[in-house]
1. Return the tail of the calculated pair distribution for the chain, meaning the percent of Cα-Cα pairs more than 34 Å apart.
2. With a 1.4 Å probe and every protein chain kept in, tell me what percent of the accessible surface of the chain is carbon plus sulfur.
3. Can you give me the solvent accessible area of R210 with a 1.4 Å probe, rounded to the nearest 10 Å²?
4. Using the Cβ atoms and a cut-off under 10 Å, what net charge is assigned to the surroundings of D278, where Lys and Arg are +1 and Asp and Glu are -1?
5. Per residue, how much accessible area does the chain show when a 1.4 Å probe rolls over the protein heavy atoms, in square angstrom?
6. Work out from phi, with θ = phi - 60° and the Karplus expression 6.51 cos²θ - 1.76 cosθ + 1.60, the ³J(HN,Hα) of each residue of segment 317-323, listed in order in whole Hz, and give x for Gly and Pro.
7. If you add up the charges near W160, with Lys and Arg at +1 and Asp and Glu at -1, over every other residue whose beta carbon is less than 15 angstrom from its beta carbon, what do you get?
8. Anything over 29 Å Cα to Cα? Flag those among K384/K441; K280/K384; K237/K394; K237/K280, in the order listed.
Amino acid sequence: MLPHRSEFPTDFLFGAATSAYQIEGHAQGGAGRTHWDDFAATPGNVAGAEDGAIACDHLNRMDEDLDLLKDAGFDAYRFSTSWARVLPEGRGTPNAEGLDFYDRLVDGLLERGIKPAATLYHWELPSALSDLGGWRNRDIGDWFADYTEVIMSRIGDRIWSAAPINEPWCVSWLSHFEGIHAPGLRDIRATARAMHHVLLCHGRATEVMRGLGMSNLGAVCNMEYAGPAADTDAARKAARVQDAIYNRFFISGIMKGSYPDEVVEGLGDYLPDGWQDDFKTISQPIDWIGLNYYTRRLHDAAPESAPWPATVGVDGPLPKTAMGWEIYPEGLSHFLTMMQQEYTGDLPIYVTENGLAGNDELTGDPLSDPDRIAYLAAHLKQVKQAAADGIPVKGYFAWSLMDNYEWAEGYAPRFGLIHVDWASLNRYPKASFSAIREALKS
Ligand code: PNW
């Protein structure tokens, strides 16, 4: 059973989240090639070399999907606009069909009484820009500002909230240091530059949107609880370093206009020249902060010769999701408290993503997902308690409305409240969808 909406503050919002590349179908509608298409085409990067060419075909099934959102009773919908659909070459001539699509999406939400919560970048960098160095190239600040201007001139007058970048850590560290996401680099210099440029773009886009008269602008960070794998000083230090890189670097840049000392030391001379001068752009005021939370990871010290940060992830003992991620609801209240006390104060906080990749679909009935319902219930309980304790958490978005393209894992992990049959692309609401509808009924 999920807690009912009446157990939350009266203005608390419930929503569902998706992202463009994961659902739309990027081979369609005039979108340009993206670095995810390139990455997926290189064997070994993505399970089954699957890409987002068709995905959920949301481009052609948008109305059906918006009807489902409304049927569930959601107050808000967090979606992203695709840079490559709006500007196929990353710059230059816009794709009129793409702009029309987002226009219809926003109107379709408003017609159904659902608040549009837009994200400008959820990872599909146009290949034309990736070829110019992508996130490593400081010019991305100008490119991103121009893209923001083009899309928000069209839809900015009707959206409820906007965030420039989904998950700066994934865009930079996961993609340039760990090599798990596009462009698949393993290079500390590229990583440091991407970490900084992604925040520069956050600031540049915020300026553009303010200039267009938009309000309710935020930032979305993902956080993962970093615990020590053993009761040793070395393990505690490893967890602390990971916490600084993953959970503090980005929010600190945005909220405090500085980076944690130990990360600056670790990155050495690899941050781009003059990085301190960018904080006036990066740390301008915003209206809310978003937290994407899924799991915790345990850390220990790597063998001595390993370069900074010299840590290794260690398999933990808690029950895991189909992603192999430990289920640790307490981490959600940990971060809500940590954010409020150390970084955001009175600023409204939204949980902008939380959800589970289930095993249910692999065994028996694909629409029976008790593990997802239990996961959502446990995490909503933490959110409810945080709100009761006076933390200004104002809303919760479930990841995801429907099964979709799970990046390097392809289409096997299913995060949806709605099952998508990958052969027919038909939608089938799961038990978790009904549980949400029950919980949201007034
Ligand atoms: C988030 N990691 O990504 C994204 O915002 C979604 O697009 C994605 O589908 C969802 O979580 C589920 O994965 C993450 O490897 C992907 O640490 C990977 C990691 C973290 C976040």
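1. Tail of P(r) above 34 Å: 26 percent of Cα pairs.
2. Here it works out to 49 percent.
3. Roughly 90 Å² of R210 is accessible to a 1.4 Å probe.
4. Residues close to D278 contribute a combined charge of +2.
5. Numbers: 16220 Å² over 442 residues.
Heavy-atom accessible area per residue stands at 37 Å².
6. x, 6, x, 10, 7, 5, 7
7. On the way: positive: R78, R112, K115, R158, K394; negative: D11, D75, D107, E111, D157, D287.
So the surrounding residues net to -1.
8. K280/K384; K237/K394; K237/K280
The values are calculated or read from the model by the stated rules, or taken from the named source; none is laboratory data. Keep in mind that what you see is a predicted model, and the values were worked out from it rather than measured. We place every Cβ from the backbone using ideal geometry, glycine too, and count neighbours over all the protein chains shown. Protein only, heavy atoms only, side chains kept; ligands, DNA and RNA dropped before computing areas. Shrake-Rupley method; radii C 1.70, N 1.55, O 1.52, S 1.80 Å.
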